[in-house]
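What follows is a single structure, written as structure tokens, with notes after it.
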Amino acid sequence: MAIKKADKIWANGKYINWDDAKIHVLSHVVHYGTCIFEGERCYKTKDGPAIFRLQDHTKRFFNSAKIYRMEIPFSQEEISQAIIETIRTNRLQAAYIRPFVFRGYDSLGVNPFNCPVEVYIAVWEWGTYLGEDALSQGVDVKVSSWNRIAPNTLPVLSKAGANYMNSQLIKIEAMLDGYAEGIALDVNGFVSEGSGENLFLIRNQKIYTPPLSASVLEGITRDTIMTLAKDMGYSVIEDNIPRELLYLADELFFSGSAAEITPIRSVDKIKIGAGKRGPITEELQKEFFGIVSGKKKDKYEWLTYI
Ligand SMILES: Cc1ncc(COP(=O)(O)O)c(C=O)c1O
């Protein structure tokens with residue numbers, strides 16, 4: 001789905017027109033993927049637009065940059081405030097939010113330090129990530145022939161642009177093979193995550209998700225689901241998941257700011273549970289969408305109203 005243009009982009013503290021947000025082709029980021037980004041959502045509620053877990057996303061943004069020794073020349077409060085104002089400026093009710101920081105134009109050796117750190121915030125209207133029916137019907141996925149990034153190669157806890165070359169291999173293979181998404185295993189053969197989503201598995205009323213040591217991004221939706229599920233009385237277990245347990249699951253779903261809570265109805269053409277969205281997945285969706293739409297009480301104070 002092509003990006004739906006908004007009016008303005010926040011560029012290093014100023015607003016520029018959407019079409020003027022251009023960089024030089026010899027910028028460091030273009031060649032080496034020297035970029036950190038976030039993906040978050042602003043939801044439409046009866047009390048106006050509200051950003052989901054804004055401070056947590058901003059914190060992860062800064063943590064990701066810290067690993068790459070990229071100093072963001074703004075405070076976390078300034079970035080969070082700029083996100084709020086960018087949504088206001090573009091007069092959007094619901095939006096996908098993409099803050100990013102990259103190394104720009106100066107020298108083109110691998111050494112990034114001379115290249116300026118540039119920070120941008122873009123927002124635009126965006127629908128469901130894995131297709132219109134995905135949230136209710138579920139998606140068909142395959143286990144990827146590509147592994148997720150190995151420990152101590154590229155740091156997966158940093159949401160860095162370069163990591164998404166690995167994600168693209170997973171996604172491309174899945175799509176060319178006729179699936180909506182791929183599930184990558186880690187280098188030890190345990191289940192890791194999707195190309196842009198964390199994964200949850202439900203078996204005998206217990207909820208499992210791979211630990212951070214299985215090369216997964218520390219997803220904010222992952223944390224949200226773990227919190228909601230525990231409060232709903234479920235055991236939530238972070239543990240290594242062998243591939244074959246995917247096929248034996250009662251329910252499986254992806255989580256992410258883009259994918260939200262997307263049920264998985266088959267893996268490698270093996271039906272998961274009843275081959276449709278399962279009851280616990282639906283219960284979690286109801287709670288999650290109830291909160292983000294402002295219909296259920298936001299007792300965790302996850303929403304920032306604009
Ligand atoms: C590789 C990867 N895993 C997991 C996630 C889910 O993270 P979050 O829930 O913070 O969006 C994302 C999306 O940002 C991702 O790109």
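Highest mobility in the GNM of the chain, judged by mean-square fluctuation with C-alpha springs under 10 Å and restricted to ASN240, ASN114, ASN63, is found for ASN114. Legend: residue pairs LYS8/LYS59; LYS22/LYS66; LYS4/LYS276; LYS5/LYS142, Cα-Cα distance threshold 28 Å; pairs beyond threshold, LYS4/LYS276; LYS5/LYS142. Over the chain, the alpha carbon radius of gyration divided by the compact-protein estimate 2.2 N^0.38 Å works out to 1.00.
Between ASP239 and LYS299, full extension at 0.36 nm per residue minus the direct alpha carbon distance yields a gain of 18.8 nm.
Under the classification rounded if a/c is under 1.5, otherwise prolate if a/b is larger than b/c and oblate if not, where does the range 62-206 fall, given a ≥ b ≥ c as square roots of the Cα gyration tensor eigenvalues? Judged from the Cα gyration tensor, the range 62-206 comes out oblate (a/c at least 1.5, b/c at or above a/b). Please grab the % of Cα pairs in the range 1-140 that end up more than 26 Å from each other. Tail of P(r) above 26 Å: 29 percent of Cα pairs. Dipole magnitude for the range 1-150: computed about the Cα centre from +1 point charges on Lys and Arg Cβ and -1 point charges on Asp and Glu Cβ, it is near 140 debye. Report summary: the helix-based calculation at 222 nm, which adds -39500 (n - 2.57) for every DSSP H run with n ≥ 4 and divides by the residues of the chain, gives -8000 deg cm²/dmol. First compute the accessible area of the range 167-306 with a 1.4 Å probe, then give the percent of it belonging to carbon and sulfur atoms. That fraction is 49 percent.
Annotation: per residue accessible area for the range 1-154 equals 52 Å², rounded to a whole number [probe 1.4 Å, protein chains only].
A Cβ-based charge dipole, computed about the Cα centre of the chain with Lys and Arg at +1 and Asp and Glu at -1, lands at about 340 debye. Annotation: aspartates and glutamates with alpha-carbon distance below 13 angstrom to LYS286 (same-chain offsets under eight excluded): GLU260. Overall, the accessible surface of the range 1-134 at a probe of 1.4 angstrom is composed of carbon and sulfur to the extent of 52 percent. If you plug the beta carbon distance of PHE113 and GLN55 into 1/(1 + (r/R0)^6) with R0 = 35 Å, you get a FRET efficiency near 0.75. Ranking TYR234, ALA184, ILE172 by how far each Cα lies toward the positive end of the dipole of the range 142-243 (charges on Cβ) leaves TYR234 at the top.
The values are calculated or read from the model by the stated rules, or taken from the named source; none is laboratory data. These numbers were taken from a predicted model, which means no experiment stands behind them. Glycine also receives a Cβ, built like all others from the backbone with ideal geometry; neighbour counts cover every protein chain displayed. The protein model used for the area step is the full one, side chains on, heavy atoms only, and it has no ligands, DNA or RNA in it. Shrake-Rupley method; radii C 1.70, N 1.55, O 1.52, S 1.80 Å.
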